[in-house]
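The values are calculated or read from the model by the stated rules, or taken from the named source; none is laboratory data. Owing to the predicted nature of the structure, the values given are computational and were not obtained by experimental measurement. Cβ atoms come from the backbone with ideal geometry, glycine included; neighbour counts cover every protein chain shown. Ligands, DNA and RNA are stripped out before the accessible areas are found, and what is left, the full protein with its side chains, is counted by its heavy atoms. Shrake-Rupley method; radii C 1.70, N 1.55, O 1.52, S 1.80 Å.
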Amino acid sequence: MESEEREQRLIETMDLYGDDIVKLCYTYVRNWQTAEDLTQESFLKFFRSLHTFRGEASVKTYLYRIAINVCHDYLSSWKYKKVTITNAFHKILRTERSTEQVVMELDDSKRLVLAIEQLPPKYKDVIIVFHFGEMSLEETGSILKLPINTVKTRLRRARQMLGISLQEGVE
């Protein structure tokens, strides 16, 4: 693939899927600026690997897989862990309320997001791609490189864990 073709393909892909990839990254990192940075990195990796794309999956599926890997790399990085711990520490120091009061004041959507963030990565990925990415079971399996039955099982288990986690928060 020539350089001009690759650039044109990148532009078309960014126009088609840019907003979706930013939203996907945001569901992982919960920060718009970081999500935008990760989206840029995802498209850069897409562009660099475009010559190796064999077309066995759709461009959307390929791009989602790249973005998920970029998010995983970021979430496992020392930079992320350091920023998260520092922010949590400062938040606790700034509040005069107890941690229990802060948690109780979160609305349902925030509680759900927090519960999803606590899931093990293999369950979190399935929930995010299937529900937030609005993908079918087949697309989810293709993106995560899993058989459909595994996707179904992980979705069921993730929903059960979320139910338990949210129920515990109510009590």
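The table below gives the values:
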{"quantity": "Residue, nearest to residue 17 (Cα to Cα), within the stretch 59-69, restricted to residues that are surrounded by 24 or more Cβ atoms within 10 Å (Cβ to Cβ) and among the hydrophobic types (A, V, I, L, M, F, W, C)", "calculated": "63"}
{"quantity": "Residue check for residue 140: open to solvent by less than 50 Å² (accessible area, probe 1.4 Å), farther than 19 Å from residue 24 by Cβ and β-branched (Val, Ile, Thr)", "calculated": "no"}
{"quantity": "Residue selected from the stretch 11-54 under the condition free of Cβ contacts under 8 Å to residues at least 12 places away in the same chain and hydroxyl-bearing (Ser, Thr, Tyr), by the criterion nearest to residue 116 (Cα to Cα)", "calculated": "26"}
{"quantity": "Leading residue by the ranking (surrounded by the fewest Cβ atoms within 10 Å (Cβ to Cβ)) among those in the stretch 147-158 that are more than 15 Å from residue 113 (Cβ to Cβ) and in contact (Cβ under 8 Å) with a residue 24 or more places away in the chain", "calculated": "157"}
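Yes/no matrix, rows are residues, columns are (1) of a type in the set (Lys, Arg); (2) out of contact with any Ser or Thr (no Cβ under 9 Å at 6 or more places or on another chain); (3) in a helix (DSSP H, G or I); (4) not assigned by TED's automatic domain parsing to the domain that holds residue 25:
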| site | (1), (2), (3), (4) |
| --- | --- |
| 134 | no, yes, no, yes |
| 141 | no, no, yes, yes |
| 157 | yes, yes, yes, yes |
| 166 | no, yes, yes, yes |
